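Report on the structure given below.
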Amino acid sequence: MSRWNLPDFRLPPLVAAVGCRLPQWPHAVALCGALNVAARMGVLPADSLCVLEGRNFLVAVEDTGTEARFRYGGGLFRPLFGRTAAPDLVFRATLSAYGRLLLRQEDPDTLFFGRQLVVEGDTELGLVVKNMLDAVDWPALPRLPGLPRGGL
């Protein structure tokens, strides 16, 4: 468990009004890079990755007005540029909710049932992704400089 305690917060609407006007592709590039590193390190279960093959995803951060569109195929997460076909799976939450999820302060089910995490699209695919994230062994991950022991 993290030593950090991220509070539940929502950024002012002005942030989203500006954020949605900025280029969105950098978010997808960064997220795909992180997911590809996690996959190469064996952090993401290979059997679950097979289910993601050929699927499109959208991760939206509501209070920043930003989103990351990407696809998994051929063993890699790849950013999608511009508006593409409808995603197979969409995640929507605030920056705070995603942060608390990453820090393991909240689990996906609690956020979902508390209406802080919205999941749209293929239900079975959503369960695969949720179980994949739950299976990540955060304490076994290498510690990055400046971060507390035990993962993020």
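Would you call GLU120 surrounded by 18 or more Cβ atoms within 10 Å (Cβ to Cβ) and acidic (Asp, Glu)? So GLU120 fails the test. Filter segment 95-107 down to residues that are in a loop (DSSP other than H, G, I, E, B) and touching a residue at least 24 places away in the same chain (Cβ under 8 Å), then give me how many there are. Summing the residues that are in a loop (DSSP other than H, G, I, E, B) and touching a residue at least 24 places away in the same chain (Cβ under 8 Å) in segment 95-107 gives 4.
Within segment 110-125, can you find the residues that are in contact with a Leu (Cβ under 8 Å, 6 or more places away or on another chain), of a type in the set (A, V, I, L, M) and not in a helix (DSSP H, G or I)? If you could, list the steps in order and put the result at the bottom.
The first filter runs over segment 110-125 and keeps only residues in contact with a Leu (Cβ under 8 Å, 6 or more places away or on another chain), leaving 111, 117, 119-122, 125.
Next cut, of a type in the set (A, V, I, L, M) only: 111, 117, 119, 125.
Of everything in segment 110-125, those that are in contact with a Leu (Cβ under 8 Å, 6 or more places away or on another chain), of a type in the set (A, V, I, L, M) and not in a helix (DSSP H, G or I) turn out to be LEU117, VAL119.
The residues listed here are LEU133, LEU52; of these, the one that is over 29 Å from ALA17 (Cβ atoms), hydrophobic (A, V, I, L, M, F, W, C) and modelled with pLDDT of 95 or more is LEU52.
A Cβ distance below 7 Å, combined with a sequence gap of six or more or placement on separate chains, defines the contacts here; from segment 108-136, residues that are under 19 Å from ARG71 (Cβ atoms) reach residues that are among the aromatic types (Phe, Trp, Tyr) in the pairs VAL119/PHE91; VAL119/PHE112.
Note on segment 1-94: no enclosed strands (runs of 3 or more DSSP E) hold 3 or more residues that are in contact (Cβ under 8 Å) with a residue 40 or more places away in the chain, on the phi > 0 side of the Ramachandran plot and under 15 Å from the mean Cα position of the chain (by Cα).
The values are calculated or read from the model by the stated rules, or taken from the named source; none is laboratory data. Every value quoted in this text rests on a predicted model; they were computed, and no experiment measured them. Reconstructed Cβ throughout: ideal geometry from the backbone, glycine too, with neighbour counts over all protein chains shown.
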